[in-house]
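This report refers to the structure that appears directly beneath it.
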Amino acid sequence: MCGILGSVNTPFDNDILDTIKHRGPDDFGIETFDVASNMVTLSQRRLSIIDLSPAGHQPMNTLCGNYSIIFNGEIYNYQDLKDRLPKDIVFRGHSDTETILYYLKEFGIKGISDFNGIFSIAFLDKLNNKLFLVRDHFGVKPMYYYHRAETGQLIFSSEIRPIKALIGRGDLDNDALATLLRLRFNPAPDTLYKQIKKVRPAHYLELDLNDRPSQVKHHSYAEQLPVTVNYPDVVNLYGQNLEQAVKRQLLSDVEVGILLSGGIDSAVVAALAHKHYPNRLKAFTIGFEGDYQEDEIADAAETAEILGLEHYYRKISFTGFLSLIKECTRIVEEPLATTSMIPMYYLSELASEKVKVVLTGQGADEPLGGYTKYKSELLLNQIPRFIQTMARPFARMMNSRDEKIIRGIKTLGIKDDVTRFLANYELFTEAEISGLISTTDASSRQSINHFYELLNCKVKEYPVERMMALDTRLNLADDLLNYTDKITMNFSMECRVPMLDTELVKFIESLPAAEKLNFKGGKLVHKKFAEQLLPAKIINRPKKGFLSPTNSWFRNEAGAIKEILLSGGSNFSKVFDQKYVAEIIDQHKSGLNREKQIFLLLSIYFWFELQ
């Protein structure tokens, strides 16, 4: 989806809309409205999933003509929403788009808080001369925009490329680059372009079309964290919530599949989907040629056989690996340090050959405490601060090369939550960022604090719960969910995330911390429920994560990486200190794991080349 308020130098036509044709090859529409002497153009490339008929065509208007919508995503509870609407509404079809159009007409923009789904929405209210841009609760679907207050011009889109096609190449935001190096992604509202922003998760923008100059008002519809509840039968209640989430997200008029790893999360989602899906469920897995620990094909195949799934898999090699990093950077449009986007590319390519919609187990670790860093945070809460402070110099003397231990050491003795969380998150240190680009990071803390205050994180007794809540809305949205959406949609396929169902997350965040994690590990209630669905050998498999074997590859191919990153005359070399970059590559070759740092530098290099 994309749209324009005001005039642009480059004519908006099908060629501009076709820059996102991959997001919706089934149908398209462009319509322009005159609202308060403003020309508002709404356009959509449609991926038809619910109501494949012309009744689902967008832009969609109410019968009265006073309201219009374009919408990317799915609303899983749209039948419930429909039941709340007046019975005299005449629906032309059965799409979720038509339901939410009339829901917003009836209840106003604040009705979006009732939506359970993945969505970016542009809603035009011609009666009140308002335009609203909305992003879903956890940022599964992206929404970018460009705004010039003095001219009243606004351009918005699900991807950056239509905006660039209309305004030309943007200017590099050095402050955003520093934040990217610190956090490994750019949290909304910033991108690497000074002129292009993105809507935060659980937020919407409001434009009053009567205003001159025009102003963008930012609003949040995020709910504060729920108070903790001690449920009498927590495992079964959790299972009921999760099962309902999966059942809701199977809603589709086209075939649905599952992205299957060797781990517990996708296995649980697959087991529940298999239970409620009317046909044999197709499952898809990617592995690696050679002897790599990250290969999950054997484990996934065993899961598929146990559950009775139709399993498809493919092994990939490292031939053309660097060109694939470039291609993924082109698709995702924003550099990231997350190496798992490489297997996601191949996995999406494989799955798109068979299905149009896939479920994934992504999003379980953040609300349920599945990462090692959460155990560290839990442990820190038990150690008096003065002991941590005294231990910090001795811990540093360990000279550990383990990334997780290094992160833990950096957090010792820090009392303030946001400062401590930032120390745990950071990919490059402040000193390294200054050495690389002669700029300091000034925005990361502000981005974390925004959601910390908005969610009222202090309501949670344990700091680890506050960190988990932030990760669920911050790190996920503009890192893992960003590349997942962009890459799957590049292959014209929608990826759904049952673990981030809004009702399910609300329930999880109401649970006592002890139901989710302890010093031994996380996802406790999740694993207990899994015992009702899966054999112990699946539940107890060592966690591998959805990774790419870039650690060893970057070490073995350090020379090839230097040839790229240290090439003279590149746009990258004009911004980054070449000696400092070379030092990071050498550190990795010597045994210190700088895998994510190098991947991010390569991603940034290719981002510059693609401008």
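The values are calculated or read from the model by the stated rules, or taken from the named source; none is laboratory data. Quick caveat: nothing in here was measured; it's all calculated off a predicted structure. Neighbour counts are summed over all protein chains in view; Cβ atoms, including those assigned to glycine, are modelled from backbone coordinates with ideal geometry. Please note that ligands, DNA and RNA were not included when accessible areas were found on the heavy atoms of the full protein model with its side chains. Shrake-Rupley method; radii C 1.70, N 1.55, O 1.52, S 1.80 Å.
Quick notes on this one:
- A full extension of the chain between GLU531 and LEU610 corresponds to an added length of 23.6 nm, given 0.36 nm per residue minus the alpha carbon distance.
- Taking one quarter of the surface of the C-alpha convex hull of region 30-165 gives a mean projected area of 8.4 nm².
- Overall, the accessible surface of the chain at a probe of 1.4 angstrom is composed of carbon and sulfur to the extent of 48 percent.
- Helix screen, the chain: DSSP H segments with Cα axial length of 20 Å or more and mean Kyte-Doolittle hydropathy at least -1.0 are 234-249, 595-609.
- Residues in region 133-161 reached by a label modelled at MET39 [backbone nitrogen below 19 Å; 7 Å Cα→Cβ]: 146-157
- Cβ-Cβ FRET estimate between ASN230 and GLU583, R0 fixed at 56 Å, reported to 0.05: 0.60
- Taking a point 7 Å out from the Cα of MET390 in the direction of its Cβ, the residues of region 413-437 whose backbone N falls within less than 15 Å of it are 413.
- Candidate cross-link partners of LYS105 among the lysines, defined by an alpha-carbon separation under 18 Å and a same-chain spacing of 8 or more, comprise LYS82, LYS87, LYS126, LYS130.
- Listed residue pairs exceeding 21 Å between alpha carbons, taken from LYS415/LYS458; LYS410/LYS574; LYS197/LYS415: LYS410/LYS574; LYS197/LYS415
- In terms of Cα atoms, the Rg and Dmax of region 251-329 work out to 14.5, 41 Å.
- Rg/Rh for region 76-231, where both radii come from Cα atoms and Rh is the Kirkwood radius: 1.02
- Gyration tensor verdict on region 72-127 (Cα atoms; rounded if a/c is under 1.5, prolate if a/b is larger than b/c, oblate otherwise): rounded
- Taking each residue as 0.36 nm, the span from GLN240 to ARG314 lengthens on full extension beyond its C-alpha to C-alpha distance by 23.3 nm.
- Spatial separation of Cα centroids for region 488-532 and region 62-141, in angstrom: 27
- The ellipsoid that matches the Cα gyration tensor of region 445-484 has semi-axes, each √(5λ) in whole angstrom, of 20, 11, 7, with the longest given first.
- For a label point 7 Å along the Cα-to-beta-carbon line of VAL459, residues of region 365-390 with backbone N under 18 Å: 367-368
- Placed amide H near ARG46: partners under 5 Å, 5+ positions off or other chain: ASP26, ASP27, PHE28
- Average 1/r across all pairs of distinct alpha carbons in region 210-361, invert it, and you get the Kirkwood radius: 18.3 Å.
- Angstrom value of the Kirkwood radius, inverse mean 1/r, which spans all Cα pairs in region 464-573: 18.1
- Between TYR76 and ASN116, GLY117, ILE118, the built amide H atoms are under 5 Å apart, and every one of these is 5 or more places off in sequence or on another chain.
- Note on LYS574 and THR419: the model spin-label points, each 7 Å out from Cα along the C-beta direction, lie 3.9 nm apart.
- Pairwise FRET efficiency - LYS506 versus THR439, Cβ, R0 = 45 Å, nearest 0.05: 0.70
- Accessible area of the chain divided out per residue, in Å², using a probe of 1.4 angstrom: 38
- Of all aspartates and glutamates in the structure, those lying under 18 Å Cα to Cα from LYS356, and not within fewer than 8 positions of it along the same chain, are ASP26, ASP27, ASP51, GLU74, ASP96, ASP253, GLU255, GLU310, ASP485, GLU494.
- Using only side-chain charges placed at the Cβ, +1 for Lys and Arg and -1 for Asp and Glu, the dipole size of the chain relative to its Cα centre rounds to 1200 debye.
- Most to least packed among 497-506, 295-304 [average Cβ atoms within 10 Å]: 497-506, 295-304
- Spatially near lysine pairs across region 241-336, Cα under 24 Å, sequence gap of 8 or more or different chains: 4
- Order by protection proxy (mean Cβ within 10 Å, highest first), peptides 122-130, 177-185, 460-468: 177-185, 460-468, 122-130
- Relative packing of peptides 432-444, 38-50, 480-492 - highest average C-beta neighbours within 10 Å first: 480-492, 38-50, 432-444
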